[in-house]
Each structure stands twice: as structure tokens, then as C-alpha cells.
1. Between Thr80 and Ser97, 0.36 nm times their residue separation minus their Cα-Cα distance comes to what?
2. Provide the per-residue ³J(HN,Hα) series for region 2-8, in order, calculated from phi with Karplus coefficients 6.51, -1.76, 1.60 and θ = phi - 60°, each as a whole number of Hz, with x at glycine and proline positions.
3. How would you order 56-65, 6-15 from highest to lowest mean count of nearby Cβ atoms within 10 Å?
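Every number in this text was worked out from the coordinates using simple rules, so none of it is lab data. Because the structure is predicted, anything quoted here is derived from the model rather than measured. Ideal geometry is used to build each Cβ from the backbone, glycine not excepted, and the neighbour counts take in all protein chains shown.
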Amino acid sequence: MAVEPEVAAIARDAAQRLSELDPSLPATIEAEIARGEAGPPQKFDPATAIALASLVLAIVQFGYQIYRDTRADKRVAPETLKRQIRVELAERGYPDSAKREAVIEAAVAAIEAGRR
């Protein structure tokens, strides 16, 4: 399944924001986008850049879906969007971690930047 262009752009922005966590993240995101995977990885291993890139794409996908589904009705506040992403990740079995929170923050900031 191809990654939507809007999701790819937001993921690239989020990867740049997160490059201090892993300098190879922007390149890894490009590889994941080229691979065409926007869904969550089968297993989350926070020690690998591929898992981090997959997590970024999954979080951006969740956030963008929420944004797209609600934008016709009203603007979603960033804190609400973050909370909804956390709930979605918990339902899918993603462990809570500092990296996950950093990715959520960067993804929501990138979605917000794209709204302007």
C-alpha cells in the first residue's frame, strides 16, 4: 500500500525534528516511504532505526487520519490529537516510552505546521 503524499510529507518533517534521536532517521524514513509501508511494524524494537522509522510513519498515519476525519467538523487541538494518538497506540500494543512521546510531539508539530 502506498503512503499518502500528505503522510509522507508529515513523516519527513517529523523525521527532521527527531534527527537528534537518530541522525539516520530521515534516510530511514525515505526508505520506509519507498517501501510503501504506512502501518505499524509487526514488532516494535526501540533499538533499531527501522523500528523508529516505522513508529514515526505509524504515528503520523494515526495523527493524519484523526486530523483528516475531524477537519471538516472542527480543528482538533494539539493536546487532543496527542491523546488520541496515545490511545490508538495503546490499543495496538505499542509500549509507552520516551522515544514514543518524542515521536508523538514531533508528528503533531509537523501536522500542525502543515495546517498553516
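1. Separation in residues times 0.36 nm, less the Cα-Cα distance, equals 4.2 nm.
2. Calculated HN-Hα couplings, in order: 6, 7, 4, x, 5, 5, 4 Hz.
3. Taking the mean over residues of other Cβ atoms within 10 Å, the ranking is 56-65, 6-15.
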